[in-house]
Amino acid sequence: MVHAHGGPGAEAAARAGVTSIEHGLFLDGAALGAMQECGTVFVPTLLASARLVDHAGTEVDAERMRTVAQGHRAVVREAHRLGVTIAMGTDCPVAAHGRNLEELSLLAECGLSPTEALVSATSNPGSTEVPADRAR
């Protein structure tokens, strides 16, 4: 798994055979295409970007964080459209523990059906075993 926010690093990681990309706030088409092509799972942790607004010190910072959160949701919508496997994650240091299920609603707001959102939390993460053809 790779903790990545930007496109070039995520694309390189997907092509190198990582199992998942975590966060991906600023992924681009090349990264998402590589993830789809290589079977890399996307763990967007939308709750993290959504809660950044709550921690902004000024209205200017809050507006900037709203823009980041909206962009992150656009990335998830595009990943879903491309057929990238999406899994729910819990790496969210800006929200109190126990709020994980809010991620399901956020994923649904990005176009996942309620069933797809539930699968993201129960089935898609499933295994950390790397398929033999991707093992390095």
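Read-outs throughout are calculated quantities, based only on the coordinates presented, and are distinct from any laboratory measurement. Keep in mind the model is a prediction, meaning the values are calculated, not measured. Counting neighbours? That spans all protein chains shown, and the Cβs are built from the backbone with ideal geometry, glycine included.
Using modelled amide H (1.01 Å from N, peptide plane; none on Pro or chain starts), what sits under 5 Å from the amide H of Ile86, excluding residues fewer than 5 places away?
Those lying under 5 Å, H to H, from Ile86 are Phe42.
In terms of modelled amide H atoms, which long-range or inter-chain residues lie less than 5 Å from the amide H of Gly24?
Distant-sequence amide H within range of Gly24: Ala4, His5.
Quick check: convex hull over the Cα atoms of segment 1-81, volume per residue in Å³, rounded to an integer? It would help to have the intermediate numbers written out before the result.
Values: hull volume 6.1 nm³, N = 81.
About 75 Å³ per residue, rounded to a whole number.
If we restrict to alpha carbons, what Rg and Dmax does the chain come to, in Å?
Cα-based Rg and Dmax for the chain come out at 14.5, 50 Å.
Can you list the HN-Hα couplings for segment 64-73, worked out from phi with the Karplus curve (6.51, -1.76, 1.60; θ = phi - 60°), rounded to whole Hz and with x for Gly and Pro?
Calculated HN-Hα couplings, in order: 5, 5, 4, 5, 4, 4, 5, x, 4, 5 Hz.
Charges at C-beta only: +1 for Lys and Arg, -1 for Asp and Glu. How large is the resulting dipole of the chain about its Cα centre, in Debye rounded to 20? Could you put the intermediate results ahead of the total?
Working: 10 positive and 16 negative charges, 28 e Å.
My answer is approximately 140 debye.
Using only Cα atoms and rounding to the nearest 10 degrees, what angle (0 to 90) does helix 7-16 make with the longest principal axis of the chain?
20
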